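This report concerns only the one structure given below.
The values are calculated or read from the model by the stated rules, or taken from the named source; none is laboratory data. Please read all numbers here as calculations on a predicted model, not as lab measurements. Counting neighbours? That spans all protein chains shown, and the Cβs are built from the backbone with ideal geometry, glycine included.
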Amino acid sequence: MLQGVNTFIFDYDGVMTDGRVILQHDDPPLRTANVRDGYVLQLAVKLGYNVVVISGGFSRSMENRFDTLNIKDAFTGVKNKVLVFEKYIRQKGIDPLHVVYMGDDIPDIPVMKKVGIPVCPADAAEEVKAVSVYISDKKGGEGCVRDIIEQVMKVQGKWMTDEAFTW
């Protein structure tokens, strides 16, 4: 099943972060991200995988994170994830059966039902776990992104290649 994966799509809050935001009086909310997730995300991009973020959230810090990781296909402030997903795969000519989608909450379920490999973090909502074919043992923002990407790369013989040793 993982041999044909060519695309990773992630929700942001609760998947790439632990889902918490630090609210400040006049400044935008702060989020935390996992460095090991970041490492493997930029590696996936470097190795030619489609790496996509579809999130209802938006902040400048999110955009900065995506730029740092060279993630070009990031859709933020999204109200209807299915519409964005369907347009993206149609434009790129991607077979949904070759897509991993990782989500953690109710708005992710409609897209998860359209991909070949719906997955989630350990702390995802029960409804999301019910539609997932794999539940990471890692929580959102604590390595779940690395977990699924690393598994795919290992199955495809792309883990620990020369590209892995340069950031």
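Within the range 97-125, if we keep just the residues that are under 22 Å from Gly4 (Cβ atoms) and over 15 Å from the mean Cα position of the chain (by Cα), the residue that is surrounded by the most Cβ atoms within 10 Å (Cβ to Cβ) turns out to be Lys114.
Hey, can you tell me all the residues within the range 20-43 that are of a type outside the set (Asp, Glu) and assigned to a loop (DSSP other than H, G, I, E, B)? Those that are of a type outside the set (Asp, Glu) and assigned to a loop (DSSP other than H, G, I, E, B): Arg20, Val21, Leu23, Gln24, His25, Pro28, Pro29, Arg31, Thr32, Ala33, Asn34.
Looking only at residues of the range 49-67 that are among the polar types (S, T, N, Q) and at pLDDT below 95, we find that the one that is surrounded by the most Cβ atoms within 10 Å (Cβ to Cβ) is Ser59.
Selection of the range 151-162 for residues being in a helix (DSSP H, G or I) and more than 12 Å from Tyr49 (Cβ to Cβ) yields Gln151, Lys154, Val155, Asp162.
Within the range 50-97, being closer than 17 Å to Ile109 by Cβ, without any contact (Cβ under 8 Å) to a residue 12 or more places away in the chain and either part of a helix (DSSP H, G or I) or among the hydroxyl-bearing types (Ser, Thr, Tyr) (or both) holds for one residue alone: Leu83. Do we find a residue being under 13 Å from Val100 (Cα atoms), aliphatic (A, V, I, L, M), surrounded by fewer than 16 Cβ atoms within 10 Å (Cβ to Cβ) and modelled with pLDDT under 90 anywhere in the range 25-40? No, the range 25-40 contains no residue that is under 13 Å from Val100 (Cα atoms), aliphatic (A, V, I, L, M), surrounded by fewer than 16 Cβ atoms within 10 Å (Cβ to Cβ) and modelled with pLDDT under 90.
Per the listing Lys81, Lys87, Lys46, the residue uniquely over 16 Å from Tyr101 (Cα atoms) and at pLDDT 90 or above is Lys46.
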